[in-house]
Ligand SMILES: Nc1ncnc2c1ncn2[C@@H]1O[C@H](COP(=O)(O)OP(=O)(O)OP(=O)(O)O)[C@@H](O)[C@H]1O
């Protein structure tokens, strides 16, 4: 649906935020996973036609198979795109209904009756119907994000981009929000940018891991996890020895259990006595790719 090739962007301060990014995004939920500063927002803003790339291409399959050049044909992209930015602000003294109506007018829904139907339908879809007359300033974080999705869905977009939408949501609100996204992903392509591994594990059939402007892996989470089979090992170690383990092995993650670190190590064979093999998960995949990138280009990632 969306094809991105060799996209690069260097900001005027010299930061190379996108470094030859190539991705194929099919219909459904696509997880874009990466730490802060990976370049996710730069990519999202470029696709949303809000900033320019230096080089590369991006094409979106439009209605009836027409191909849209995302970087050049911005009006056409905007007609097919729904975008929930990372810093989505709302007018606190306006009701959800009024603001969504306002956005609908901006999207070109000028016929009053149709607009009302669309707006009412979206408020129901995102489960804000009962709260539609409340001022947005009284909304919880999760309600605000669901409102953000409603405005992103105006105009029946074929591609929906949501940038770090679950940061700051409590577990219940996060679940509710992700379920809503999954429903939407049944019909359109949804790119979910996040630094939370579980967001991707829970609902994205395809994904990419990004860091330092580069795509480190793309494909199905289950394939990436299978590729690490028999290579992840766990051990509980004394706190004082943690540094030694990190020196000797590729430590993927460290978690405190009852006050002592439990480490996951990436190694083709049992690294030492006392390590037990564990079934890898997406978090192991994520850290293994980040460690691998750091090992290959230690200076480039020594931030
Ligand atoms: N307008 C800008 N001018 C200069 N540097 C920028 C600009 N926007 C982003 N950067 C830098 O580009 C790099 C990528 O940032 P970007 O916001 O795309 O990453 P991200 O993965 O979305 O992370 P975050 O979740 O922190 O936003 C970072 O080093 C950031 O500091």
Within segment 9-29, considering residues that are within 6 Å of the ligand (Cβ to nearest atom) and over 17 Å from the mean Cα position of the chain (by Cα), the one surrounded by the fewest Cβ atoms within 10 Å (Cβ to Cβ): 13
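Are any residues in segment 41-58 part of a strand (DSSP E or B) and surrounded by fewer than 17 Cβ atoms within 10 Å (Cβ to Cβ), and if so, which ones?
Filtering segment 41-58 for residues part of a strand (DSSP E or B) gives 55-58.
Matches in segment 41-58: 55, 57.
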Could you check segment 1-35 and list, in sequence order, the residues that are assigned to a loop (DSSP other than H, G, I, E, B) and within 18 Å of residue 289 (Cβ to Cβ)? 34, 35
Flag if residue 32 is surrounded by 23 or more Cβ atoms within 10 Å (Cβ to Cβ) and either more than 8 Å from the ligand (Cβ to nearest atom) or within 17 Å of residue 81 (Cα to Cα) (or both): yes
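Does residue 38 meet the test of being part of a strand (DSSP E or B) and crowded, with 22+ Cβ neighbours inside 10 Å?
Spelling it out, it is not the case that residue 38 is part of a strand (DSSP E or B) and crowded, with 22+ Cβ neighbours inside 10 Å.
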Count, please, the residues in segment 131-143 that happen to be free of Cβ contacts under 8 Å to residues at least 40 places away in the same chain and outside any helix (DSSP H, G or I). 5
Take residue 290 and tell me if it is touching a helix residue (DSSP H, G or I) at 6+ places or on another chain (Cβ under 7 Å) and either at pLDDT 95 or above or not assigned by TED's automatic domain parsing to the domain that holds residue 11 (or both). no
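Could you tell me which residue of segment 144-166 is surrounded by the most Cβ atoms within 10 Å (Cβ to Cβ), considering only residues that are free of Cβ contacts under 8 Å to residues at least 40 places away in the same chain and on the phi < 0 side of the Ramachandran plot? Before the answer, list the steps.
Let us first name the residues in segment 144-166 that are free of Cβ contacts under 8 Å to residues at least 40 places away in the same chain, namely 146, 156, 166.
Adding the requirement that they be on the phi < 0 side of the Ramachandran plot leaves 146, 166.
Details: 146: 24, 166: 22.
Looking at the filtered set, the residue picked out is 146.
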Report every pair of residues separated by at least 6 positions or lying on different chains whose Cβ atoms are under 6 Å apart, first residue within segment 193-220 and assigned by TED's automatic domain parsing to the domain that holds residue 283 and at pLDDT below 95, second more than 11 Å from the ligand (Cβ to nearest atom) and part of a loop (DSSP other than H, G, I, E, B). none
With criteria (1) assigned to a loop (DSSP other than H, G, I, E, B); (2) closer than 27 Å to residue 18 by Cα, residue 280 comes up short on (2)
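To keep it simple, each residue is scored yes or no on (1) in a helix (DSSP H, G or I); (2) closer than 27 Å to residue 29 by Cβ; (3) touching a strand residue (DSSP E or B) at 6+ places or on another chain (Cβ under 6 Å).
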{"site": "207", "(1), (2), (3)": "no, yes, yes"}
{"site": "242", "(1), (2), (3)": "yes, no, yes"}
{"site": "271", "(1), (2), (3)": "no, no, yes"}
{"site": "291", "(1), (2), (3)": "yes, yes, yes"}
Out of all the residues in segment 68-75, is one or more within 16 Å of the ligand (Cβ to nearest atom) and farther than 21 Å from residue 185 by Cβ? no
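The values are calculated or read from the model by the stated rules, or taken from the named source; none is laboratory data. Computed from a predicted structure; not experimentally measured. Virtual Cβ from ideal backbone geometry, glycine too; neighbours counted across all protein chains shown.
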